[in-house]
Amino acid sequence: MDFEGRMNSTSEKITAEAIRAMKSRREKIAALTAYDFPMTRLLDEVGIPLILVGDSVGMVVLGYEDTTLVTMAEMEHHTRAAARAKPRALLAADLPYRSYETVESAVANARRLAAAGAEAVKAEGGRAIQAQVRAIVAAGIPFLGHLGMLPQSVREEGGYHVKGKLEAERQVLLDDAQALVEAGAFGIVLELVSPATAVALTQAIPVPTIGIGSGPDCDGQILVTPDLLGTFPWFTPRFVKPKLNAAEQMRKVIQDWKKLI
Ligand code: KIV
């Protein structure tokens, strides 16, 4: 990287196809979220190949109770900030709640995120959004799926529950995953899927599965970066053990500084 964060000439840009190809090489895919320039740049400098401007921004940055309040304008704003880091990583962004209810709105909003700097988009659901996924891919925008617990449905579902424990649920997930693959998804995030079902899905589909709270055996893992670093200490999902208590360290530094002035 040079000082302005541009890729140097020896680093090859990571594409959706390159992420997909990591599965056949059995190379684990490490993915993390970023919502701004410095975090995108840091993750990129460490060599994280897939960076997601997640709509988790609503909870860990904007102070919303869940992701359903996040707007397209907010996603564009944070995507633009992340894209200014010009990462070598593939930069994906979430289509927010109700922004992909029809094929037309899905393509129009995916184009807006692409114009803001996203190199791929993610949306939640399987067969229910297959036509939208096909149209987004046909518009030339790589698509990342999201199955299992769907945070944008948390209100209807009454909480964050593990999916795929029952045979019937496992079959639904398999059918949804196949539908996304057929529509052209280059990978699928599996959130809170029972580990046995996550393994079955990983073996059944040709594109990478990227797990979050779905056991260790997906093709990759993704975390909400503030959960990993402990910068949002007021809520940490059960399946994450923060590797840094950054909030505590920040409090201490700020208290020490306050005493000195
Ligand atoms: O919004 C987000 O951060 C996500 C991850 C949980 C995968 O979708």
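The values are calculated or read from the model by the stated rules, or taken from the named source; none is laboratory data. Just so you know, these numbers come straight off a predicted model, no measurement behind them. All Cβ positions, glycine included, derive from the backbone under ideal geometry; neighbour counts span all protein chains shown. Note: accessible area is taken over every heavy atom of the protein model, side chains too, but ligands, DNA and RNA are not part of it. Shrake-Rupley method; radii C 1.70, N 1.55, O 1.52, S 1.80 Å.
Only bridges with both residues in the chain count here: give the DSSP antiparallel percent, nearest 5. Roughly 5 percent of the beta bridges in the chain run antiparallel, per DSSP. Under a model in which nothing but the beta-carbon of Lys, Arg (+1) and Asp, Glu (-1) is charged, the chain shows a dipole of about 620 debye around its Cα centre. If you run the Gaussian network model on the chain, springs between alpha carbon atoms under 10 Å, then out of F239, F186, F37 the most flexible one is F239. Rolling a 1.4 angstrom probe over the protein heavy atoms with all chains in place gives the range 3-104 an accessible area of 50 Å² per residue. Rolling a 1.4 Å probe over the protein heavy atoms leaves E74 with an accessible area of roughly 40 Å². Taking Y64, Y35, Y97 in turn, the Gaussian network model of the chain (Cα-Cα springs below 10 Å) assigns the largest fluctuation to Y64.
Distance check, please: which entries in K28/K86; K13/K86; K122/K163; K165/K243; K13/K241 exceed 21 angstrom between their Cα atoms? Over 21 Å Cα-Cα: K28/K86; K165/K243; K13/K241. In degrees from 0 to 90, rounded to the nearest 10, what is the angle of the helix 72-83 Cα long axis to the longest principal axis of the chain? Compared with the principal axis, the helix lies near 60 degrees. Only protein heavy atoms count here; on that basis, with a 1.4 Å probe, M39 has an accessible area of about 50 Å².
Comparing E119, E76, E169 in a Gaussian network model of the chain, where Cα atoms under 10 Å apart are tied by springs, the biggest mean-square fluctuation is seen for E169. The portion of the accessible surface of the range 3-223 made up by carbon and sulfur, rounded to a whole percent, is 56 (1.4 Å probe; DNA, RNA and ligands excluded).
Residue-normalised convex hull volume from the C-alpha trace of the range 3-223: 110 Å³ per residue. Phi angles across the range 42-50 convert, under the Karplus curve 6.51 cos²θ - 1.76 cosθ + 1.60 with θ = phi - 60°, into 3J(HN,Hα) values of 4, 4, 5, 5, 7, x, 5, x, 9 Hz, Gly and Pro given as x. Note on the chain: helix-only mean residue ellipticity at 222 nm, from DSSP H runs of 4+ residues weighted -39500 (n - 2.57) and normalised by residue number, equals -12000 deg cm²/dmol. The string of couplings for the range 181-194 from the Karplus curve (6.51, -1.76, 1.60, θ = phi - 60°) is 4, 4, 7, x, 4, 8, x, 9, 6, 10, 9, 6, 9, 4 Hz, one whole number per residue in order, with x for Gly and Pro. Between 0 and 90 degrees, the angle of helix 246-260 with respect to the longest Cα principal axis of the chain falls at about 20 degrees. When T40, T102 are compared by accessible area at a 1.4 angstrom probe, the order from most to least is T102, T40.
For the chain, the residue among I254, V61, G148 whose Cα projects farthest onto the positive side of the dipole built from Cβ charges is I254.
Using C-alpha pairs under 8 Å with a sequence gap of at least 6, the mean separation divided by the residue count of the range 133-240 gives a relative contact order of 23 percent. In the chain, if the dipole is taken from +1 on Lys/Arg beta carbons and -1 on Asp/Glu beta carbons about the Cα centre, which of G125, Y160, A31 is farthest to the positive end? Result: A31, furthest along the dipole toward the positive end. Distance from the C-alpha centroid of the range 41-63 to that of the range 124-199: 21 Å, rounded to the whole angstrom.
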